[in-house]
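Working notes, beginning with the structure itself.
The values are calculated or read from the model by the stated rules, or taken from the named source; none is laboratory data. Bear in mind that the values here come from a model prediction, so they are computed numbers and not experimental data. Don't worry about glycine lacking a Cβ; one is built from the backbone with ideal geometry, like all the others, and counts go over all protein chains shown. Accessible surface is based on the protein model in full, side chains and every heavy atom, while ligands, DNA and RNA are left aside. Shrake-Rupley method; radii C 1.70, N 1.55, O 1.52, S 1.80 Å.
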Amino acid sequence: EIVIAKKLFSEAQEMAFRRGIDRINCLKIKLGVASGIDREMLRHSLIDHIFPESIAEDAEVEITLEPLIAKCNKCNKEIMQLNSKGGCPFCSGKDLDVIGGTKVTIEGIS
């Protein structure tokens, strides 16, 4: 998580610089549930290891979870939960493409 935290902080610093912000008080992050990133470890990495002695010292971290979203290639519907057999709840199709819930992104800074 520390590598991801460093990348996110670098992006946040760049956003702050572009906006003329000299202090980050809150970093808002969208975390996909299928990203493989542990929410609390990411928060810990930022607050305890990245933020000290930076423009984000004492900043808050708000993490919003993004659900896994898939698209069924059989019926073309977007789904957020598989049926009990691991397929589309609408048509039972198993040919699914994951279209959301796998990334970690910055939603905003303040």
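Things worth noting here:
- Those strands (runs of 3 or more DSSP E) lying entirely in segment 13-110 with at least 1 residues in contact with a Cys (Cβ under 9 Å, 6 or more places away or on another chain) and open to solvent by 50 Å² or more (accessible area, probe 1.4 Å): 60-66, 96-100
- One residue alone among K103, K71 is more than 30 Å from G20 (Cα to Cα), at pLDDT 95 or above and of a type outside the set (S, T, Y), and that residue is K71.
- When A59 is tested against (1) touching a Ser or Thr at 6+ places or on another chain (Cβ under 8 Å); (2) modelled with pLDDT of 95 or more, just one condition goes unmet, and that condition is (1).
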